[in-house]
């Protein structure tokens, strides 16, 4: 182990002893991002809080925080039973059935990181002694490469999200990887500070289901931001919020234009306001179910084409990757990777379909699919690479293609050509990894096998545990659609589309990162040069949206795939023969 686990576990026990009974309580902790002893202490501190049944919300900033000031104003008004705030809450709770009001309770435990300890409702020592530096210089160099090659970072506000440690029984991925993520997020923060005008660090307790009640500070922040963005809307909740805006100072909230997040197991839970009320587009032609839709305005959201506002931010994310993996896969020539992707993109755009044919596997199935690329109107599905799309707030390739001002998202590391298929027919043998609430490894002996037709797919073989999680994830996604339909928090046509394409394959991709190797994480394995992946559920074009996106990676090299495109004349354009690139 890179870290001193004896001291880490001892720190957890010390925090648990000092905290006592905190079940159901929420911690709000603020700190200066330069206070590394406080930052590193959040690892054992959060593990202790979660073991004891509490929640944690962490905000790292310098000087003053407008969003924190707005939260303080909300809590003060709520405790004074302010008439306007109470009216706003009651309007939402007509649909939310009392759940919205729960968000407004002040956090039970408020702490600020001092020079040597956490101070506030209680006083707690720092426990950073578990941490050991590992390849710090290389890690900073890698962070520099990401900010430059992926984001083209400018003088702007930057947000960095890090992870909190779950309780032991939920820790299915290596603890060391979670601890590595603290070094990764800190390096990204330090690197960003060379150009950014402000860098914040944030983290909050996750949920194990999308249907769970959320960590309440995170959800309240989202509702305040969303309502501030929509306060000009002449609907009762927003008209009332308009009166609150000045009292809460929500007009001073600043949104980071560049964000980087480390993602771990779990979800954010339900966004109560978004699922019950929703956020209208300014022209009232559509509706978002979260403020992130307005802020990021991704091209694959069906609402984007109807939203008059420009995107406000761009975002990239990774998983809790080991430091060595993060360095190896990201310390690359991003421009050269983009050029390699372009070769595959060009083949896709010349062809009407892609054929994949592999050898029979020991499980009794083989990967053999036809990927349709032509829409009924004769237009071609959009093949693209994802590596450098974060360099501009408005995605330039989409703007040139459609004239629509959409935002930018990327996952890190990059390295793929991907397309939303018109259809997929045939069988896919997933034998590397699948991502549901986290990444789960597959194998040649225990694959995830999908049978797909033009009217949808079905899983015909999968490991029992993974299949259970997969079915649970789909069930929750369907319930979310039903909630949106019942509350009319998104337009009827969007709900109908989400239902129509709920059981379809939404992505076909060929991986291109030459430095990526098999590990525990889909975000890396879906980039391994020579492999491929598909995703069930939502696609990356706005007419193929639904409420889930589950990727599964296929070892195209080991399965000895032939992959080629077929143009309208019937000519083959070869990509791979017997598992090896021929381009």
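The values are calculated or read from the model by the stated rules, or taken from the named source; none is laboratory data. Nothing here was measured: the structure is a model prediction, and the numbers come from that model. No Cβ is skipped: glycine too gets one built from the backbone with ideal geometry, and neighbour counts run over all protein chains shown.
Is the range 565-577 home to any residue that is buried (at least 23 other Cβ atoms within 10 Å of the Cβ) and part of a loop (DSSP other than H, G, I, E, B)? Checking the range 565-577: not a single residue is buried (at least 23 other Cβ atoms within 10 Å of the Cβ) and part of a loop (DSSP other than H, G, I, E, B).
Condition first: in contact with a strand residue (DSSP E or B) (Cβ under 7 Å, 6 or more places away or on another chain) and either surrounded by 15 or more Cβ atoms within 10 Å (Cβ to Cβ) or assigned to a strand (DSSP E or B) (or both). Now tell me which residues in the range 438-455 satisfy that.
Step one: of the range 438-455, the residues in contact with a strand residue (DSSP E or B) (Cβ under 7 Å, 6 or more places away or on another chain) are 439-442, 447-454.
Hits for the range 438-455 are 439, 440, 441, 442, 447, 448, 449, 450, 451, 452, 453.
When residue 358 is tested against the conditions (1) on the phi > 0 side of the Ramachandran plot; (2) crowded, with 21+ Cβ neighbours inside 10 Å, the lone failure is (1).
For the range 497-507, the criterion of being more than 22 Å from residue 373 (Cα to Cα), in a loop (DSSP other than H, G, I, E, B) and in contact (Cβ under 8 Å) with a residue 40 or more places away in the chain is met by none of the residues.
Looking for whichever is in the same structural domain as residue 245 (by TED's automatic domain parsing), at pLDDT below 95 and assigned to a helix (DSSP H, G or I) here; the options are 169, 94, 115, 87. Which one fits? Before you say what the answer is, go through the steps one by one.
Working: 94 fails: at pLDDT below 95; 115 fails: assigned to a helix (DSSP H, G or I); 87 fails: at pLDDT below 95.
Result: 169 is the single residue among 169, 94, 115, 87 that is in the same structural domain as residue 245 (by TED's automatic domain parsing), at pLDDT below 95 and assigned to a helix (DSSP H, G or I).
One residue stands out in the range 549-564 among those that are assigned to a loop (DSSP other than H, G, I, E, B) and crowded, with 24+ Cβ neighbours inside 10 Å: the one that is nearest to the chain's Cα centre (by Cα), namely 555.
Of the strands (runs of 3 or more DSSP E) lying entirely inside the range 330-429, the ones with 1 or more residues being more than 24 Å from residue 561 (Cα to Cα) are found at 409-411.
Residues being part of a loop (DSSP other than H, G, I, E, B), crowded, with 20+ Cβ neighbours inside 10 Å and either touching a helix residue (DSSP H, G or I) at 6+ places or on another chain (Cβ under 6 Å) or at pLDDT below 95 (or both): count how many of those fall in the range 249-268. The number of residues fulfilling the criteria is 1. Selection of the range 20-46 for residues being touching a residue at least 60 places away in the same chain (Cβ under 8 Å) and more than 27 Å from the chain's Cα centre (by Cα) yields 22, 37.
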